[in-house]
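Right, one structure below, let's go through it.
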Amino acid sequence: ISSAEITVGSFVSLTSAIALLSTSFGSIFSDIAQLYENNKYIAALYKILDVVPEKKEKNIGIKERKIESLESIKFCNVSFAYPSAKQDIISDVCFEIKKGDRIAVIGHNGSGKTTLVNLIMGLYHSYRGKIYVNGLDLLTDDYLDEYQTKLASVFQDYNRYEMSIRENVAISNIA
């Protein structure tokens, strides 16, 4: 190279090395971007794991019930509003789901689908109306913890999680 002459083999080797170096740098920058994206998912996971569940007082004298299987979930005039909301997101909802039923919850963005699922899962306690599981009031019959061990959910998000459904469900079963 110092004599200003380069062989064809040297030129091909040099251009191949430059191309390989360029690809490597591109891969590094892509990996850094992927780490940034994954960090958002990890931050969301930690946010969920840091939530302290809302606990209610246990009814003294009532033995905690075991749930062998979920036979039915019934909503009777259930309404719910978020603390900062001026109106109910779910208003006077009534339905019953029996074991073996297949249902679909369909609606526009912000229509209350996720809120409804959170109520079914017993995640919100400040609703009006009654929710019955196997004929027992979800909040007054002291078996919410047992009920929640029978449930799992994977919520739709516009972000893509890089885990299978099995892995997502397994994460919820850490305890």
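The values are calculated or read from the model by the stated rules, or taken from the named source; none is laboratory data. Remember, predicted model here, so these are calculated numbers, not experimental data. Every residue, glycine as well, gets a Cβ built from its backbone with ideal geometry; the counts of neighbours run over all protein chains shown. Protein only, heavy atoms only, side chains kept; ligands, DNA and RNA dropped before computing areas. Shrake-Rupley method; radii C 1.70, N 1.55, O 1.52, S 1.80 Å.
When TYR143, TYR132, TYR147 are screened for being open to solvent by 60 Å² or more (accessible area, probe 1.4 Å) and among the aromatic types (Phe, Trp, Tyr), only TYR132 passes.
If we scan the range 118-129, do we find a residue that is among the hydrophobic types (A, V, I, L, M, F, W, C), modelled with pLDDT under 85 and part of a helix (DSSP H, G or I)? For the range 118-129, residues among the hydrophobic types (A, V, I, L, M, F, W, C), modelled with pLDDT under 85 and part of a helix (DSSP H, G or I): absent.
Scanning the range 132-151 for residues that are within 17 Å of ASN118 (Cβ to Cβ), in contact (Cβ under 8 Å) with a residue 24 or more places away in the chain, in a loop (DSSP other than H, G, I, E, B) and over 20 Å from the mean Cα position of the chain (by Cα) gives a single hit, LEU139. All conditions but one from (1) touching a Lys or Arg at 6+ places or on another chain (Cβ under 8 Å); (2) open to solvent by 50 Å² or more (accessible area, probe 1.4 Å) apply to SER79; the one that does not is (2).
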